[in-house]
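A.B. asks: First the structure, then my questions, so here it is.
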Amino acid sequence: MTITIDKNNEATVLKIEGRLDTTTAPELENTINGEGDALEKLVLDFEKVNYISSAGLRVLLTAQKKMNTQGSMELINVSEEVMDILEMTGFADILVIK
């Protein structure tokens, strides 16, 4: 998995590529936490994410809880395969997906 960080005036965008699973989820969690408490809007670009496991879902839930207290978070460009997983697990109802 690779993560590219793009900061602009509106948001911090994390472009994620590859699998978000047990092996790679800690890297995403560390990247999000590394952005600090000043983070107001977090956008996760899932265009090139082809799989998400329960470990990846846990990171998304933790990030959503964090951002609920200090700003907002949204997922964009979610593939059909990943969206199916988000819908089956109920995460589609918890997360902001555009």
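The values are calculated or read from the model by the stated rules, or taken from the named source; none is laboratory data. Bear in mind the structure is a predicted one, so any value in this text is a computation, not a measurement. Backbone-built Cβ (ideal geometry, glycine too); neighbour counts: all protein chains shown.
A.B. asks: Can you tell me which residue among D37, D6, D45, D21 is within 11 Å of the chain's Cα centre (by Cα) and either at pLDDT below 95 or not β-branched (V, I, T) (or both)?
C.D. replies: On the way: D37 fails: within 11 Å of the chain's Cα centre (by Cα); D6 fails: within 11 Å of the chain's Cα centre (by Cα); D21 fails: within 11 Å of the chain's Cα centre (by Cα).
The conditions single out D45.
A.B. asks: Among the residues of segment 1-37, write down those that are of a type in the set (G, A, S) and either touching a residue at least 24 places away in the same chain (Cβ under 8 Å) or in contact with a helix residue (DSSP H, G or I) (Cβ under 8 Å, 6 or more places away or on another chain) (or both). Working first, answer last.
C.D. replies: Filtering segment 1-37 for residues of a type in the set (G, A, S) gives 11, 18, 25, 34, 36.
Result: A11, G18, A25.
A.B. asks: Starting from segment 45-64, keep only residues that are under 14 Å from N30 (Cβ atoms), then list their pairs with residues that are in a strand (DSSP E or B) whose Cβ atoms are within a distance under 9 Å, requiring at least 6 positions of separation or different chains.
C.D. replies: Hits for this filter: A55/L20; G56/R19; G56/L20; G56/V49; V59/L20; A63/L42; A63/L44; A63/M73.
A.B. asks: Please work out which residue is surrounded by the most Cβ atoms within 10 Å (Cβ to Cβ), limiting yourself to segment 63-90 and to residues that are within 14 Å of the chain's Cα centre (by Cα) and of a type in the set (S, T, N, Q).
C.D. replies: Per the criteria, the residue is Q64.
A.B. asks: Now, a different point. Quickly run through segment 13-42 and pick out the residues that are loosely packed, with under 15 Cβ neighbours inside 10 Å, in contact with a Gly (Cβ under 7 Å, 6 or more places away or on another chain) and farther than 16 Å from M1 by Cα.
C.D. replies: E40 - this is the single residue of segment 13-42 that is loosely packed, with under 15 Cβ neighbours inside 10 Å, in contact with a Gly (Cβ under 7 Å, 6 or more places away or on another chain) and farther than 16 Å from M1 by Cα.
A.B. asks: T31 fails exactly one of the following numbered conditions: (1) of a type in the set (V, I, T); (2) outside any strand (DSSP E or B); (3) under 19 Å from I85 (Cβ atoms). What is the number of that condition?
C.D. replies: So the condition that T31 fails would be (3).
A.B. asks: A further question follows. Take D45 and tell me if it is over 16 Å from T4 (Cβ atoms), surrounded by 14 or more Cβ atoms within 10 Å (Cβ to Cβ) and not polar (S, T, N, Q).
C.D. replies: On the way: over 16 Å from T4 (Cβ atoms): no; surrounded by 14 or more Cβ atoms within 10 Å (Cβ to Cβ): yes; not polar (S, T, N, Q): yes.
In short, no.
A.B. asks: Only one residue in L61, L86, L57 is part of a helix (DSSP H, G or I), touching a Phe, Trp or Tyr at 6+ places or on another chain (Cβ under 9 Å) and more than 15 Å from I16 (Cα to Cα). Which one? Can you show your working first?
C.D. replies: Numbers: L86 fails: touching a Phe, Trp or Tyr at 6+ places or on another chain (Cβ under 9 Å); L57 fails: more than 15 Å from I16 (Cα to Cα).
Only one candidate qualifies: L61.
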